[in-house]
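J.: The structure under discussion is supplied below as structure tokens; questions concerning it will follow.
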Amino acid sequence: MNKKIDFTVEEISKNHLSKLMEMVIKLWPDCNYEEEFENCLKIKKSNNQKIFVAKSDANYVAFIQLSLRTDHVEGTTSSPVVYIEGLYVEPHYRNQGIAKHLVKKAEEWGHVKGCKEIASDTELNNTNGIEFHKSIGFKEVNRLVCFSKTIDSPH
């Protein structure tokens, strides 16, 4: 897409939830639709979590899911910290400044909530996500590979 698109950003409402769920499942395909729907209803009522959606005309094209974290956040020195739990832009709308605008909205929300820092993470193989974060001023603070194992029951 060569031409910049016009878009608006809004806090989620019940009207957004079905369209939001389509994007949530694209970002996190292993998630359960019903559980994520319930989670979004809880976030909508929360003072410490927020979801903003971007719309172009009548199309929902992106979202950012945020939380205020008071536990240790890698690479930060203050508390609370705005944490980007999820950020998704529909493929056709990428590279239009929408994600950058959503992160700016997250910073504004965090500032109102008394935050001095914003943090995020992405999968090690998500090179586009890593480059995006770096391009808007995030610095990489750690790389992590997580493991789990089922405990065998004793015989």
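The values are calculated or read from the model by the stated rules, or taken from the named source; none is laboratory data. Just so it is clear, the structure is predicted and the values come from calculations on it, not from any experiment. Every residue, glycine among them, receives a Cβ derived from its backbone with ideal geometry; neighbour counts consider all protein chains shown.
J.: Looking at (1) within 18 Å of Val141 (Cα to Cα); (2) touching a Ser or Thr at 6+ places or on another chain (Cβ under 9 Å), which is the one condition that is false for Ser78?
T.: That leaves (2) as the condition not met.
J.: Could you give every pair whose Cβ atoms fall below 6 Å, whose first residue belongs to the stretch 53-74 and is touching a residue at least 12 places away in the same chain (Cβ under 8 Å), and whose second residue is of a type in the set (Lys, Arg) and surrounded by 14 or more Cβ atoms within 10 Å (Cβ to Cβ), counting only separations of at least 6 or pairs across chains?
T.: The qualifying pairs are Tyr60/Lys19; Leu66/Lys50; Leu68/Lys113.
J.: Provide a single number: the residues in the stretch 96-129 that are within 17 Å of Gly75 (Cα to Cα), in contact with a Ser or Thr (Cβ under 6 Å, 6 or more places away or on another chain) and outside any loop (DSSP other than H, G, I, E, B).
T.: 1
J.: Looking at (1) under 29 Å from Lys116 (Cβ atoms); (2) touching a residue at least 60 places away in the same chain (Cβ under 8 Å); (3) assigned to a loop (DSSP other than H, G, I, E, B), which is the one condition that is false for Tyr88?
T.: (3)
J.: Condition first: surrounded by 13 or more Cβ atoms within 10 Å (Cβ to Cβ) and either closer than 23 Å to Ser135 by Cα or of a type in the set (Gly, Ala, Ser) (or both). Can you find one or more residues in the stretch 24-39 that meet it?
T.: yes
J.: Check Ser56 against each of (1) over 15 Å from the mean Cα position of the chain (by Cα); (2) under 20 Å from Lys26 (Cα atoms); (3) at pLDDT 95 or above and name the one condition it does not meet.
T.: The single condition Ser56 does not satisfy is (3).
J.: Looking at this structure, is Ser46 under 29 Å from Asn142 (Cα atoms) and surrounded by fewer than 16 Cβ atoms within 10 Å (Cβ to Cβ)? Please lay out each step first, then the result.
T.: Details: under 29 Å from Asn142 (Cα atoms): no; surrounded by fewer than 16 Cβ atoms within 10 Å (Cβ to Cβ): yes.
Considered against the rule, which asks whether it is under 29 Å from Asn142 (Cα atoms) and surrounded by fewer than 16 Cβ atoms within 10 Å (Cβ to Cβ), Ser46 comes out as no.
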